[in-house]
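The values are calculated or read from the model by the stated rules, or taken from the named source; none is laboratory data. Treat the numbers as computed from the prediction; the structure is a model and nothing was measured. Quick reminder, even Gly has a Cβ in these numbers, built from the backbone with ideal geometry, and neighbours come from all protein chains shown.
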Amino acid sequence: MNIYLAVILVIIVLKYVLYLIIDTLNVRFARTSLPQEFQGYYDADKYKKSQSYLRERTFFSLIEETVVTLITVVFILAGGFNVLDNFARDFGSGPIVTGLIFGGGLMFAVQLLNLPFSLYHTFVIEEKYGFNRTTVTTFILDLLKGMLLGAVIGGLAFSGILWFFAETGARAWLFCWMALTLFQFLLIFIAPVVIMPLFNKFVPLEDGDLKHTVEEYAYSQDFKIQGVFKMDGSRRSTKSNAFFTGFGSFRRIALFDTLIERHTTDGLVSVLAHEIGHYKKRHILKSMLFSVMTTGLMFYILSFFLYNKELFAAFKMEQVSLYAGLVFFGFLYAPINMVFSIIGNIFSRRHEYEADRFAVTTYGKPQAFILALKKLSVDNLSNLTPHPLKVFFDYSHPPVLERISAIRKIIGTPEDLPKAGAQ
């Protein structure tokens, strides 16, 4: 048996088994009794509903993962990549265009495979639990826009990588790394003004107490922003969120309209103070540097596998090609990528604690912040008691109970803050 095929199949199966174990443990670990911290915020029926939501989403996710894993293995063993490669070559175009047809065909197949799962998740599960507000028209438009953006952005990036590896010799990995890094930075700048408005409307926050308090706090922290915007998140879901986007003078604060409807001014500003904390503590920069470093390592390792005939034989390929080598390398790189993801999540969770501390110490409304975290958890039916293994592998944020406990330690004893029913 081809050694690369054996390694790739083992990677695919072990990844599937690992997440099967993690998700099963996570569901079984969920407490049936409401944690004391949330007494008065969750009623018994709604907490039971959150447990049901967790189980149903997990079960559905495992079904999806099972189907995708089986189809992937069958596609590899049946020589599906070679069939697609022959189809791409039949157009008689150059290597870059042929690579785009090959890569585009794979992306289309993935989209087609994911479509029924996305439909069921949106219009059955999310609908059942009262979250979905996406219409069929919006769903279709989002899908088409996403495919178009993926084709344009992904096509440009893929074409650039193919060109550099074909034309720049032994240092191609270095040029690819530099070019892709610059491309990603460009996307960060243009996303708030070009890409994101394709999916949502961003309306400047109307004059009033909230806008005044946000701007006053931002000014007190010497944090310059282009503006505060309300985003029509309610078009797709009742879930709520807030985020920053952009850099420098392009920085924007975006608040979901659902978030504004449900939270007090102090709660909203506390959440935004947390986000400003990420900037002040340079978490965004650190995360980007980590991403840049890991991307560089990926390209360096990739340079050793691009034309490996044994690797191509594992996928039953008749001809060796640069574009297919990029795809096949992804299977070998999956374990390394998982390790980097775990490390990234560890740092991210630490950053969340630091940003929480920043919000509490600079805005000085810890009660409002805790209430906001609780409301977000209740409104989104979040799992309050995830399994530690699930947190270790998948969580970029600490569980909400741990965040609240850390905030209480910052300001004093638990008795210093109101708990159940406090407003």
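For Leu381, indicate whether it is in a helix (DSSP H, G or I) and of a type in the set (A, V, I, L, M, F, W, C). First the steps, then the outcome.
Working: in a helix (DSSP H, G or I): no; of a type in the set (A, V, I, L, M, F, W, C): yes.
No: the conditions fail for Leu381.
Considering only segment 19-76, state which residues are in a helix (DSSP H, G or I) and in contact with a strand residue (DSSP E or B) (Cβ under 8 Å, 6 or more places away or on another chain). Don't jump to the end; show me each part of the working.
Narrowing segment 19-76 to residues in a helix (DSSP H, G or I): 19-29, 36-38, 44-76.
If the condition is that a residue be in a helix (DSSP H, G or I) and in contact with a strand residue (DSSP E or B) (Cβ under 8 Å, 6 or more places away or on another chain), then Ser50 is the only one that fits.
Kindly check whether there is at least one residue in segment 41-59 that is among the polar types (S, T, N, Q) and under 18 Å from Phe117 (Cα atoms). Give the steps one after another, and end with the answer.
The initial filter retains those residues of segment 41-59 that are among the polar types (S, T, N, Q), namely 50-52, 58.
Subsequent filtering for residues that are under 18 Å from Phe117 (Cα atoms) retains 58.
Yes, there is a match, as at least one residue in segment 41-59 is among the polar types (S, T, N, Q) and under 18 Å from Phe117 (Cα atoms).
Can you spot a residue in segment 366-374 that is within 19 Å of the chain's Cα centre (by Cα) and assigned to a helix (DSSP H, G or I)?
Taking segment 366-374 and keeping what is within 19 Å of the chain's Cα centre (by Cα), we get none.
No: segment 366-374 contains no residue that is within 19 Å of the chain's Cα centre (by Cα) and assigned to a helix (DSSP H, G or I).
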Subject >> Number of positions in segment 77-104 that are assigned to a helix (DSSP H, G or I) and either buried (at least 16 other Cβ atoms within 10 Å of the Cβ) or among the charged types (D, E, K, R) (or both) >> reply: 15
Original post:
Out of segment 27-42, which residues are under 15 Å from Leu376 (Cα atoms) and in contact with a Ser or Thr (Cβ under 9 Å, 6 or more places away or on another chain)?
Top reply: Glu37, Phe38, Tyr41, Tyr42
**OP:** Being buried (at least 18 other Cβ atoms within 10 Å of the Cβ) and not basic (Lys, Arg) is the filter; apply it to segment 229-244 and report the residue that is modelled with the lowest pLDDT.
**Re:** Phe244
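Regarding Val10, is this residue part of a helix (DSSP H, G or I), loosely packed, with under 13 Cβ neighbours inside 10 Å, of a type in the set (Val, Ile, Thr) and touching a Gly at 6+ places or on another chain (Cβ under 9 Å)? Walk me through it before giving the result.
Values: part of a helix (DSSP H, G or I): yes; loosely packed, with under 13 Cβ neighbours inside 10 Å: yes; of a type in the set (Val, Ile, Thr): yes; touching a Gly at 6+ places or on another chain (Cβ under 9 Å): no.
No: the conditions fail for Val10.
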Original post:
Given the conditions (1) touching an Asp or Glu at 6+ places or on another chain (Cβ under 6 Å); (2) closer than 21 Å to Arg262 by Cβ, which single one is not true for Phe369?
Top reply: (1)
Original post:
Applying the selection to segment 304-333, what residues are in a loop (DSSP other than H, G, I, E, B) and surrounded by fewer than 18 Cβ atoms within 10 Å (Cβ to Cβ)?
Top reply: Phe304, Phe305, Tyr307, Asn308, Lys316, Glu318, Gln319, Val320
Subject >> Residues that are more than 17 Å from Ala359 (Cα to Cα) and touching a Leu at 6+ places or on another chain (Cβ under 6 Å), drawn from segment 221-242 >> reply: Val228, Lys230, Ser240
**OP:** With the condition kept exactly as written, say whether any residue in segment 274-290 is in contact (Cβ under 8 Å) with a residue 60 or more places away in the chain and in contact with a Leu (Cβ under 7 Å, 6 or more places away or on another chain).
**Re:** no
Subject >> Unique residue being under 17 Å from the mean Cα position of the chain (by Cα), outside the structural domain of Leu106 (by TED's automatic domain parsing) and hydroxyl-bearing (Ser, Thr, Tyr) when the list is Ser240, Ser270, Ser287 >> reply: Ser240
Original post:
Pick from Ala179, Ala218, Ala191: which is touching a Gly at 6+ places or on another chain (Cβ under 6 Å) and among the small types (Gly, Ala, Ser)?
Top reply: Ala179
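Look through Leu156, Leu180, Leu174, Leu115 and report the one residue that is exposed (fewer than 14 other Cβ atoms within 10 Å of the Cβ), within 20 Å of Ser291 (Cβ to Cβ) and not assigned by TED's automatic domain parsing to the domain that holds Met231. Walk me through it before giving the result.
Details: Leu180 fails: exposed (fewer than 14 other Cβ atoms within 10 Å of the Cβ); Leu174 fails: exposed (fewer than 14 other Cβ atoms within 10 Å of the Cβ); Leu115 fails: within 20 Å of Ser291 (Cβ to Cβ).
Unique residue meeting the criteria: Leu156.
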